[in-house]
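Participant: Below you'll find the structure I mean.
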Amino acid sequence: MIHCEGLVKIFKTDDIEVVALQGLNLTVGQGEMMVIIGNSGSGKSTLLNILGGLDRPSAGQAVVGQWNLLKMSSEQLIEYKRRTVGFIWQNNGRNLVPYLTVLQNVELPMLIQGKADRAYAKELLAAVGLEHRIGSRLTQLSGGEQQRVAIAISLSNRPPLVLADEPTGSVDSATGEQILAIFRRLNRDLGVTIVIVTHDLSVADKVDRVVAIRDGLTSTEWVKRDADSPGSNGEAASDAAPGSDPRFGGKHKEYVVLDRVGRLQIPPDYLEAMQVSGKAVLEFDGKRVTIGPPEDSPPSGRPDRS
Ligand code: ADP
Ligand code: MG
């Protein structure tokens with residue numbers, strides 16, 4: 001569904017340039033529901049706006065379905081925004097028209113496209129648990145209910161892809177859970193691909209795949225076997241080596257950049273988990289380099305498997 005490679009976005013203001021995405025790679029399969037997690041300023045909204053056709057990338061590759069986002073004409077972009085992606089913002093004022101009813105809000109994007117499908121609008125509102133509120137004005141709804149209307153709106157034109165920027169950012173945690181449960185259900189029942197960006201780690205616990213973004217680059221990725229199993233909390237990869245740091249589960253991959261003279265920077269949390277400081281051992285098998293603590297390093301409290 002999504003393939004980004006070396007994606008770059010540079011914002012130019014008067015005399016400064018901000019490189020918000022600096023060669024980001026991301027692949028999302030059709031029908032997947034995944035989370036991109038990162039701190040404020042890491043480039044999450046920039047990425048999502050590009051994928052949503054709201055902003056243009058500066059360089060690299062970004063393909064969504066049949067569309068190449070770097071080569072689209074303005075007309076194609078409008079078509080893309082209407083048919084291919086649904087968008088949900090944290091601040092749902094951007095999604096909703098306050099003086100219309102709930103049902104009218106969901107029908108509005110359909111009307112812009114041509115004709116409202118009332119039965120489908122009602123179906124969507126039932127799917128987000130608001131069938132009893134269809135005649136209410138938006139001002140009569142709670143923040144969580146408004147966010148659920150926003151989800152129904154994002155699906156009104158049956159897009160294959162839904163992008164949500166901090167969808168639980170302005171609701172309490174119980175409401176946030178409810179919203180994520182709705183996303184999961186829509187993903188399962190409608191097969192819609194869902195990409196959520198957030199800075200909230202508790203959201204990451206509730207999906208199968210999480211990609212971390214830092215300084216405009218995707219880095220760590222972790223995959224969970226069973227998102228719905230009770231007590232699973234994001235570190236459940238079952239092939240974790242015994243004694244290895246539980247934060248890293250079994251699968252851990254991070255992309256780092258080699259500089260011109262061959263130096264690379266190892267993330268501090270890796271170093272801490274390996275208990276390496278000052279001196280490390282490199283092992284090269286002709287294909288891969290493994291980095292670890294020196295063999296004569298003091299016991300680290302973990303089993304010595306050498
Ligand atoms: P996040 O959503 O992860 O908080 P953003 O994608 O909004 O991060 O921002 C990434 C970086 O790009 C930040 O340094 C931000 O200041 C900068 N940025 C975002 N939008 C603009 C813009 N329109 N003009 C200039 N800089 C921007
Ligand atoms: Mg943001």
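The values are calculated or read from the model by the stated rules, or taken from the named source; none is laboratory data. Here the structure is a predicted model, which is why all the values come from computation and not from measurement. For neighbour counting, all protein chains shown are included, and Cβ atoms are generated from backbone atoms with ideal geometry for every residue, glycine included. To get the accessible areas, we keep the full protein, side chains included, count just its heavy atoms, and leave off ligands, DNA and RNA. Shrake-Rupley method; radii C 1.70, N 1.55, O 1.52, S 1.80 Å.
Participant: Sort Y120, Y80, Y99 from largest to smallest accessible area, using a 1.4 Å probe on the heavy atoms of the protein chains.
Facilitator: Per-residue accessible area, sorted high to low, gives Y99, Y120, Y80.
Participant: Give the shape of the stretch 1-99 as rounded, prolate or oblate, defined through the alpha-carbon gyration tensor: a ≥ b ≥ c are the square roots of its eigenvalues, a/c under 1.5 means rounded, and otherwise the shape is prolate if a/b is larger than b/c and oblate if not. Could the numbers behind the result be given before it?
Facilitator: Values: a/c = 1.29, a/b = 1.12, b/c = 1.16.
Rounded.
Participant: Which loop trypsin sites (Lys or Arg not before Pro) in the stretch 18-118, with loop taken from DSSP, have no more than 13 other Cβ atoms within 10 angstrom of their Cβ?
Facilitator: Those that pass, being in a loop and sparsely packed, are K71, K115.
Participant: To check you understand DSSP bridge types, tell me what percent of the beta bridges within the stretch 63-212 (both residues inside) are antiparallel, rounded to 5.
Facilitator: 25
Participant: Something else: Using heavy-atom solvent-accessible surface (probe 1.4 Å) with all chains present, what is the largest-first order of E79, E32, E107?
Facilitator: Sorted descending by solvent-accessible area, the residues read E79, E32, E107.
Participant: Same structure, new question: If you average the alpha carbon positions of the stretch 22-38 and of the stretch 264-287, how far apart do those two centres end up, in angstrom?
Facilitator: Value for the Cα centre distance between the two parts: 27 Å.
Participant: Give or take rounding to whole Å, what are the principal axis extents of the alpha carbon atoms in the stretch 171-219, in descending order?
Facilitator: Reported extents, whole Å, longest axis first: 33, 27, 14.
Participant: For a 23 Å ceiling on Cα separation, which of these pairs sit above it: K12/K71; K9/K71; K71/K206?
Facilitator: Beyond 23 Å between Cα atoms: K71/K206.
Participant: Right, next: Probe radius 1.4 Å, ligands and nucleic acids left out: which of F284, F183 has the largest accessible area, and how do the rest follow?
Facilitator: Putting F284, F183 in descending order of accessible area: F284, F183.
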